[in-house]
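As structure tokens, the structure follows; a few thoughts come after it.
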């Protein structure tokens, strides 16, 4: 392996380490929310700084790689994808921090546990963890056959989000004293839906790198590069 290939492999390893950290942040967010674990929530907030540092370093290293080696074709697609993936992972980390701050503020003590179960928030968390883990495997194995399965999970999460709006609206009509709490909970669910969207964006970047196809803006707009 020559120096250029070694540097490229190092870039992939940096993104892999960041990815593992963000997967851990999502899982810890799930535990912190479901168990109302404030200590874990504080840990998530503290670890968010590491996510930010990863993004800055990966951006810098990718820019240096492009400047030094002037990559083309598949190597250029990989570097561009790694830049976008690291940025997307950083955004997911931000949402995890937001969930942790929700736990610390402890808005929803008064909301019945049954409505939390009916909103299927745990199922949303599980879907997100699966999307992040499966997309990580797709990049590591350079295999996009899982992309359809991963994107279908995003559709499931979107449907859970839409269901949650109706369920929570009906609940708050019967308990108007909990409107503030309910709105905060809806914002948390929206964060989960946005994490799903970002996971979908990561899959698009993996397909761009490996298959040289653009999946953005709908299935009918696929473009070969």
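Since every read-out is calculated from the coordinates, none of them should be taken as a lab result. Worth saying up front: this structure is predicted, and the values here are computed from it rather than measured. Cβ coordinates were reconstructed from backbone atoms using ideal geometry, including for glycine residues, and neighbour counts include every protein chain displayed.
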_Would you confirm whether or not region 59-82 contains a residue that is part of a helix (DSSP H, G or I), within 17 Å of the chain's Cα centre (by Cα) and surrounded by fewer than 16 Cβ atoms within 10 Å (Cβ to Cβ)?_
no
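When you look at residue 139, is it under 21 Å from residue 30 (Cβ atoms), surrounded by 13 or more Cβ atoms within 10 Å (Cβ to Cβ) and in contact (Cβ under 8 Å) with a residue 60 or more places away in the chain, yes or no? Before the answer, list the steps.
Numbers: under 21 Å from residue 30 (Cβ atoms): no; surrounded by 13 or more Cβ atoms within 10 Å (Cβ to Cβ): yes; in contact (Cβ under 8 Å) with a residue 60 or more places away in the chain: yes.
In short, no.
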*Within region 209-216, is even one residue surrounded by fewer than 18 Cβ atoms within 10 Å (Cβ to Cβ), touching a helix residue (DSSP H, G or I) at 6+ places or on another chain (Cβ under 8 Å) and closer than 23 Å to residue 34 by Cα?*
no
*Looking at (1) surrounded by 18 or more Cβ atoms within 10 Å (Cβ to Cβ); (2) closer than 25 Å to residue 123 by Cβ; (3) without any contact (Cβ under 8 Å) to a residue 40 or more places away in the chain, find the lone condition where residue 31 falls short.*
(1)
*Does residue 103 meet the test of being touching a residue at least 24 places away in the same chain (Cβ under 8 Å), closer than 18 Å to residue 212 by Cα and assigned to a helix (DSSP H, G or I)?*
no
*When region 95-128 is examined, which residues are found to be closer than 30 Å to residue 59 by Cα and surrounded by fewer than 17 Cβ atoms within 10 Å (Cβ to Cβ)?*
101, 126
*Neighbours by Cβ (under 8 Å, 6+ apart or cross-chain): first from region 1-15, over 14 Å from residue 68 (Cα atoms); second outside any helix (DSSP H, G or I)*: 9/1
